[in-house]
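Every read-out reported here was derived from the displayed coordinates using simple, explicitly stated rules and does not represent laboratory data. The model shown is predicted, which means the values in this text are computed figures rather than measured ones. In this analysis, Cβ positions are derived from the backbone assuming ideal geometry, glycine residues included, and neighbour counts consider all displayed protein chains.
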Amino acid sequence: MDPARKVPQEKVDRIVEAARLAPTSSGLQPFEIVVVTDPEVRERIKAIAWNQGQVTDSSHLLVFAAWDDYTAERINAMFDLTNEVRGIRNEGWENYRAMLLGSYPQRGSEVNFAHAARQAYIGLGAALIAAAYEEVDSVPMEGFDPAALDEILGLRARGLRSAAILPLGYRDAGGDWLVNLEKVRRPRGQFVSEV
Ligand SMILES: Cc1cc2nc3c(=O)[nH]c(=O)nc-3n(C[C@H](O)[C@H](O)[C@H](O)COP(=O)(O)O)c2cc1C
């Protein structure tokens, strides 16, 4: 990416908004986004991300951080928010709340984090597409040490764990050997089957 080019704030806002509006299982929205612009913090992140240049050459680094667990408090907060925003109470919805309260918190934090991280990836997908729409270049990334990133950003203290990161910026077309190469995907016949 070209470190001299900065993504305008309104574009970043719309990309983040796409992730905020993404659907999630039961509408629990079990992830947050940390927008990292501080150059010193991004240097530290680069060191634990295989020294990948886009971490510091991008203008904004989005960190998708999933809940470390589903607790009764978190589930209730989201159901209460729904009731507050909609101004109604619905028996079916309350039964559904009780069902989740009776199952999710007991499943164990690793199962719950894995589930929450899958929801974070739906947000990641939405942000990727929004970035393309905004003509902003981005790279979905798993190539980093999640425990080290959690430490750098203090995520565990907030009940969060990093799942994926997304640098936003503008490609350095002159220095990018991939930019003019064909996109490679398996043909549709090897990817889709119909029953
Ligand atoms: C979940 C995920 C993690 C990825 N991690 C990295 C990464 O750490 N570094 C990187 O340069 N690309 C990463 N990529 C990008 C893929 O390598 C890339 O999308 C793939 O090679 C296909 O290339 P294309 O999207 O340019 O067609 C990742 C993609 C996804 C979806």
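Taking 0.36 nm per residue of sequence separation and subtracting the Cα-Cα distance, how much length would be gained by fully extending the chain between A72 and S26, in nm to one decimal? Before the final figure, lay out each step's value.
Numbers: separation 46, 0.36 × 46 = 16.56 nm, distance 1.40 nm.
15.2 nm is the gain from fully extending A72 to S26.
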Pairwise FRET efficiency - L181 versus Q106, Cβ, R0 = 41 Å, nearest 0.05: 0.25
Dipole magnitude (debye, nearest 20) for segment 39-195, charges at Cβ of Lys, Arg, Asp, Glu: 360
Cα gyration tensor category, rounded, prolate or oblate, for segment 1-59 with a/c compared to 1.5: oblate
Segment 28-46 residues near the modelled W93 label - backbone nitrogen below 20 Å, point 7 Å along Cα→Cβ: 28-31
Residues V195 and E10, FRET efficiency given R0 of 35 Å [Cβ-Cβ distance, rounded to 0.05]: 0.20
Histogram of C-alpha separations across the chain, 5 Å bin width, %: 1, 7, 13, 16, 16, 15, 12, 9, 6, 3, 1, 0
Prolate/oblate/rounded call for segment 89-153, Cα gyration tensor, a/c under 1.5 rounded: oblate
Nearest-ten-degree value, helix 9-20 long axis tilted from longest Cα axis of the chain: 40
Protection proxy ranking, peptides 29-39, 56-66, 8-18, 96-106, average beta carbon neighbours within 10 Å, highest first: 56-66, 29-39, 8-18, 96-106
Calculated FRET efficiency for the pair Q52/E135, C-beta based, R₀ 22 Å, to 0.05: 0.50
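When a/c is below 1.5 the answer is rounded, else prolate if a/b is larger than b/c, else oblate, so apply that to segment 114-194 with a ≥ b ≥ c taken from the square roots of the Cα gyration tensor eigenvalues.
Working: a/c = 2.25, a/b = 1.38, b/c = 1.63.
Here segment 114-194 falls in the oblate category.
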